[in-house]
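Take a look at the structure set out below.
The values are calculated or read from the model by the stated rules, or taken from the named source; none is laboratory data. Since this is a predicted model, take the numbers as computed values, not measurements. In this analysis, Cβ positions are derived from the backbone assuming ideal geometry, glycine residues included, and neighbour counts consider all displayed protein chains. When the accessible area is computed, the model is the full protein with side chains, heavy atoms only, and any ligands, DNA or RNA have been set aside. Shrake-Rupley method; radii C 1.70, N 1.55, O 1.52, S 1.80 Å.
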Amino acid sequence: AWAAPWGLPGISRFGIMHTDAGGQYAYQQRQQIGYTFSGGNGVFGSIVLEDDTLNGEGYMPNVVGVLGISQGWGGVWGKVAYDDEFDAFNAMIGMQYNIPNMAGSSIRAGFFWAEEANFYAIDMPITQGGSNAAIVGATEWSAVLSYNHVFNAQWSATVGGQYFKAFNGDDAWLVQAAAVWTPVTNFEVRLEGAYAQEEFLGGDIDSASGFLRFTRYF
């Protein structure tokens, strides 16, 4: 629920960016049980209990809560998560604005905050755990902005950026972009790339990656 809560407006992938990779968003897989609702006025929400035994500790579950509204203009949502393993709280706010008279084009923005390094905190973009946390997210806060432009029924493009501030004072940034061609219904050709730069152990490191993918949807 933290990575891709049910009901978010127009978001079928994990994360908050329009790219397939979605930026950094503390992705994880957990056994869970929860309740989700969707109101007629666009209000939606979830409350989820998640297994916290990744380290084999405790009996109290982690808790994730989601509340938002989704309407024709876009949507706004907020999330709160409690990690029992690290006794830490996390929060996230996000929004999507659908560009008028430009069907499918939209802007997304989001902000993540963590009380301390834990499994719901965002990873740094290159070193993952970061220089002050070996297996859990090291980012105290992160801001994201993403834009998707639909040119026509066949072509669209997106670009997004994310800034990170770690608990130890290191910072980093990440840019992701993609061009998507849909020549026929349910067939997609996606060219996507990413570039990141991160302060690490007193120096700067960078990373670049990308892929070309052909997808047939059924």
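Quick check on the range 163-175. Is at least one of its residues of a type in the set (S, T, N, Q) and either under 20 Å from the mean Cα position of the chain (by Cα) or in a strand (DSSP E or B) (or both)? No; the residues of the range 163-175 include none that is of a type in the set (S, T, N, Q) and either under 20 Å from the mean Cα position of the chain (by Cα) or in a strand (DSSP E or B) (or both). If you check residue 202 against the conditions, is it more than 16 Å from the chain's Cα centre (by Cα) and on the phi > 0 side of the Ramachandran plot? Yes; evaluated as a whole, the condition is true for this residue.
Looking across the range 16-40, the residues that are touching a strand residue (DSSP E or B) at 6+ places or on another chain (Cβ under 6 Å) and over 14 Å from residue 161 (Cα atoms) come down to 26, 30, 32, 33, 34, 35, 36, 37, 38. Among the residues of the range 27-43, those that are surrounded by 13 or more Cβ atoms within 10 Å (Cβ to Cβ), in a strand (DSSP E or B) and of a type in the set (Ser, Thr, Tyr) comprise 36, 38. Considering every residue within the range 145-152, establish whether at least one is assigned to a strand (DSSP E or B) and either more than 24 Å from residue 104 (Cβ to Cβ) or touching a Phe, Trp or Tyr at 6+ places or on another chain (Cβ under 6 Å) (or both). Scanning the range 145-152, I find no residue that is assigned to a strand (DSSP E or B) and either more than 24 Å from residue 104 (Cβ to Cβ) or touching a Phe, Trp or Tyr at 6+ places or on another chain (Cβ under 6 Å) (or both), so the answer is no.
The lone criterion from (1) open to solvent by less than 10 Å² (accessible area, probe 1.4 Å); (2) closer than 30 Å to residue 51 by Cα; (3) over 16 Å from the mean Cα position of the chain (by Cα) left unmet by residue 115 is number (1). Reported count of residues in the range 165-187, each being crowded, with 17+ Cβ neighbours inside 10 Å and acidic (Asp, Glu), is 1.
Exactly one residue out of 186, 152, 168 is within 30 Å of residue 51 (Cβ to Cβ) and among the polar types (S, T, N, Q): that is 168.
Which numbered condition in (1) aromatic (Phe, Trp, Tyr); (2) assigned to a loop (DSSP other than H, G, I, E, B); (3) under 22 Å from the mean Cα position of the chain (by Cα) is the only one that residue 211 fails? Condition (2) is where residue 211 drops out. Checking the structure you have, find out if any residue of the range 194-201 is part of a strand (DSSP E or B), touching a residue at least 60 places away in the same chain (Cβ under 8 Å), open to solvent by less than 30 Å² (accessible area, probe 1.4 Å) and not hydrophobic (A, V, I, L, M, F, W, C). Yes; the residues of the range 194-201 include at least one that is part of a strand (DSSP E or B), touching a residue at least 60 places away in the same chain (Cβ under 8 Å), open to solvent by less than 30 Å² (accessible area, probe 1.4 Å) and not hydrophobic (A, V, I, L, M, F, W, C). Scanning the range 153-162 for residues being closer than 14 Å to residue 182 by Cβ, part of a strand (DSSP E or B) and not small (Gly, Ala, Ser) gives a total of 2.
Would you say residue 175 is of a type in the set (A, V, I, L, M, F, W, C) and modelled with pLDDT of 95 or more? Against the criterion (of a type in the set (A, V, I, L, M, F, W, C) and modelled with pLDDT of 95 or more), residue 175 qualifies.
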